[in-house]
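Student: This is the structure I want to talk about, given as structure tokens.
The values are calculated or read from the model by the stated rules, or taken from the named source; none is laboratory data. Keep in mind that what you see is a predicted model, and the values were worked out from it rather than measured. Neighbour counts run over all protein chains shown; Cβ positions are idealised from the backbone, glycine included.
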Amino acid sequence: MQKVIVTGGAGFIGANYIHELFADPAFNGKVLNIDALTYAGNPESLTDIEARFGGSRYHFEHADICDVPRINQIFKAFEPDTIVNFAAESHVDRSIDGPLQFVQTNVMGTATLLAAALELFKELPADQKARLRFHHVSTDEVYGSLGETGMFTEDTPYDPSSPYSASKAASDHLLRAWQRTFGLPVTISNCSNNYGAYQFPEKLIPLMILNCLAHKPLPVYGKGLNVRDWLYVTDHCEAINTIIRKGKTGETYNIGGHNEIKNIDIVGIICELLDELEPSPKGIKYKELITYVQDRPGHDLRYAIDAGKIERELGWKPRETFQSGIRKTIVWYLENQQWWKNIQDKSYQQQRLGVL
């Protein structure tokens, strides 16, 4: 990993991944971040990286992954040995409001990246072809919904429910097709719900934190009984690097945090921690703000990841429990209020999306 292209590196997981790369003593290479800077892409998440490494080891390209000539030009000029694809439209509610944008970015954008990587791959000498790696970051939502028991494995059939998960399922299949047809060295990871620093506040955990601080209602879909497995974002980033360095070409690895929790319990934990860390100046308990709202269309009941394969074969397992990770997350949002206040000023005030 000497010349790494990161797509979507100004987004939540991508920005954390770039931070993790430069914090890793084993990494002494260069990073090229390609991001279209749509609503969730935030250059402020990488201000410190730009200040320390900009112009030498860190470079940014403001580009859309669907722009074929531009992507081809960037790949040819930079000549990466590693491509890590985070670029995606990723919010289920927004996919209900505007599904075609998800198809465009997640399907056509991935195909554009694969085509550019393949052209690069074809020009490499035979002894260098094995050094190229295209890693694609996907989601457990491609598997659909579980009942009260069972877990998703890498062999679980795809059964997506939303336009978002369907578009990600399609992009996963494109990776496999490029590997089987053209021999492109690819790996795929399907992760559970991420949380941590730099997450755009439309997602459950930052939404609840910011609504508590603003004394706004805490909207919980249905009865809040939907279950998710939660993965601290830095654990996820370490898992991705483990796959890139040790994983087998053509393989898929599930990444989970071993933290199955109901949505209503997540909200309760956040409220209790904020009662401790940032008590309400109005003298209330934050749980008093919980409001039950109409469920989301096509809302999957339960996701649960079996991450045994990556642990057995590559030696990775998460470092953070949910209790340690959620405390770190809340502290980060309390200590970095200007970051999310700038988002509120520009584009998003925690309004509900995806209502038919």
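Student: Can you tell me which condition S167 does not meet? The list is (1) crowded, with 22+ Cβ neighbours inside 10 Å; (2) modelled with pLDDT of 95 or more; (3) under 20 Å from H19 (Cβ atoms); (4) small (G, A, S), and all the others hold.
Tutor: In the conditions (1) crowded, with 22+ Cβ neighbours inside 10 Å; (2) modelled with pLDDT of 95 or more; (3) under 20 Å from H19 (Cβ atoms); (4) small (G, A, S), S167 misses (3) alone.
Student: T249: in contact with a Pro (Cβ under 7 Å, 6 or more places away or on another chain) and in a strand (DSSP E or B), yes or no?
Tutor: Here the answer is no, as T249 does not meet what is asked.
Student: Next up: Among T139, T187, T153, T149, which is β-branched (V, I, T), under 16 Å from E260 (Cα atoms) and touching an Asp or Glu at 6+ places or on another chain (Cβ under 7 Å)?
Tutor: Result: T153 is the single residue among T139, T187, T153, T149 that is β-branched (V, I, T), under 16 Å from E260 (Cα atoms) and touching an Asp or Glu at 6+ places or on another chain (Cβ under 7 Å).
Student: Right, something else. Kindly check whether there is at least one residue in region 156-167 that is under 26 Å from P80 (Cβ atoms), part of a helix (DSSP H, G or I) and free of Cβ contacts under 8 Å to residues at least 24 places away in the same chain.
Tutor: no
Student: Go through (1) more than 15 Å from I305 (Cα to Cα); (2) surrounded by 23 or more Cβ atoms within 10 Å (Cβ to Cβ) one by one and return the number of the condition C191 breaks.
Tutor: Against the list (1) more than 15 Å from I305 (Cα to Cα); (2) surrounded by 23 or more Cβ atoms within 10 Å (Cβ to Cβ), C191 comes up short only on (1).
Student: Still on this structure, please answer the following. Could you check how many residues of region 270-289 are of a type outside the set (F, W, Y) and crowded, with 18+ Cβ neighbours inside 10 Å?
Tutor: Qualifying residue count, region 270-289: 5.
Student: Turning to a different aspect of this structure: Conditions first: (1) exposed (fewer than 14 other Cβ atoms within 10 Å of the Cβ); (2) assigned to a helix (DSSP H, G or I). I266 passes all but one, so which condition is the exception?
Tutor: (1)
Student: Step by step: first the residues of region 129-155, then only those that are surrounded by fewer than 18 Cβ atoms within 10 Å (Cβ to Cβ) and of a type in the set (V, I, T), then the one that is farthest from the chain's Cα centre (by Cα). Which residue is that?
Tutor: Among residues in region 129-155 that are surrounded by fewer than 18 Cβ atoms within 10 Å (Cβ to Cβ) and of a type in the set (V, I, T), the one farthest from the chain's Cα centre (by Cα) is T149.
Student: Can you tell me which residues in region 290-322 are surrounded by 15 or more Cβ atoms within 10 Å (Cβ to Cβ), part of a loop (DSSP other than H, G, I, E, B) and over 20 Å from the mean Cα position of the chain (by Cα)?
Tutor: Hits for region 290-322 are R296, G298.
Student: Would you point out which residue out of S171, S145, S192 is touching a residue at least 12 places away in the same chain (Cβ under 8 Å) and under 30 Å from E119 (Cα atoms)?
Tutor: One residue alone meets the criteria, S171.
Student: Can you find a residue in region 309-329 that is at pLDDT 95 or above and closer than 15 Å to L207 by Cβ?
Tutor: yes
Student: For region 248-270, what are the residues that are under 16 Å from S324 (Cα atoms), among the small types (G, A, S) and touching a residue at least 60 places away in the same chain (Cβ under 8 Å)?
Tutor: Within region 248-270, G256, G257 qualify.
Student: While we're looking at this one, here's another question. Does region 170-184 hold any residues that are more than 18 Å from A88 (Cβ to Cβ) and either touching a helix residue (DSSP H, G or I) at 6+ places or on another chain (Cβ under 6 Å) or buried (at least 20 other Cβ atoms within 10 Å of the Cβ) (or both), and which are they?
Tutor: F182, L184
Student: Oh, and also: Can you tell me how many residues in region 274-289 are part of a loop (DSSP other than H, G, I, E, B), of a type outside the set (S, T, N, Q) and over 28 Å from the mean Cα position of the chain (by Cα)? Full working, then the answer.
Tutor: Residues of region 274-289 that are part of a loop (DSSP other than H, G, I, E, B), as a first pass: 278-285.
Checking the rest, the ones that are also of a type outside the set (S, T, N, Q) come to 278-279, 281-285.
Among the residues that remain, those that are also over 28 Å from the mean Cα position of the chain (by Cα) are: 279, 281-285.
Total satisfying the criteria: 6.
Student: Quick test for you: out of I65, I71, I83, pick the one residue that is in contact with a helix residue (DSSP H, G or I) (Cβ under 6 Å, 6 or more places away or on another chain), farther than 22 Å from C237 by Cα and modelled with pLDDT of 95 or more.
Tutor: Values: I65 fails: farther than 22 Å from C237 by Cα; I83 fails: farther than 22 Å from C237 by Cα.
Step by step, each of I65, I71, I83 is checked, and only I71 is in contact with a helix residue (DSSP H, G or I) (Cβ under 6 Å, 6 or more places away or on another chain), farther than 22 Å from C237 by Cα and modelled with pLDDT of 95 or more.
Student: Considering only residues that are in a helix (DSSP H, G or I), crowded, with 16+ Cβ neighbours inside 10 Å and aliphatic (A, V, I, L, M), which ones fall in region 7-62?
Tutor: Residues satisfying the conditions are I13, A15, I18, L21, L46, I49.
Student: Please give the number of the condition S161 fails out of (1) closer than 14 Å to H91 by Cα; (2) within 17 Å of the chain's Cα centre (by Cα).
Tutor: All conditions pass for S161, except number (2).
Student: Hey, another quick one. May I ask you to list the residues in region 74-128 that are under 20 Å from the mean Cα position of the chain (by Cα), of a type in the set (A, V, I, L, M, F, W, C) and outside any helix (DSSP H, G or I)?
Tutor: Those that are under 20 Å from the mean Cα position of the chain (by Cα), of a type in the set (A, V, I, L, M, F, W, C) and outside any helix (DSSP H, G or I): I83, V84, F86, A87, A88.
Student: When you scan region 336-355, do you find a residue that is part of a loop (DSSP other than H, G, I, E, B), out of contact with any Gly (no Cβ under 7 Å at 6 or more places or on another chain), modelled with pLDDT of 95 or more and surrounded by fewer than 16 Cβ atoms within 10 Å (Cβ to Cβ), even just one?
Tutor: yes
Student: Which numbered condition in (1) modelled with pLDDT under 95; (2) farther than 25 Å from D97 by Cα is the only one that Q294 fails?
Tutor: Result: Q294 passes all but (2).
Student: For I255, state whether it is within 20 Å of W230 (Cα to Cα), touching a Ser or Thr at 6+ places or on another chain (Cβ under 7 Å), at pLDDT 95 or above and among the β-branched types (V, I, T).
Tutor: Criteria met by I255.
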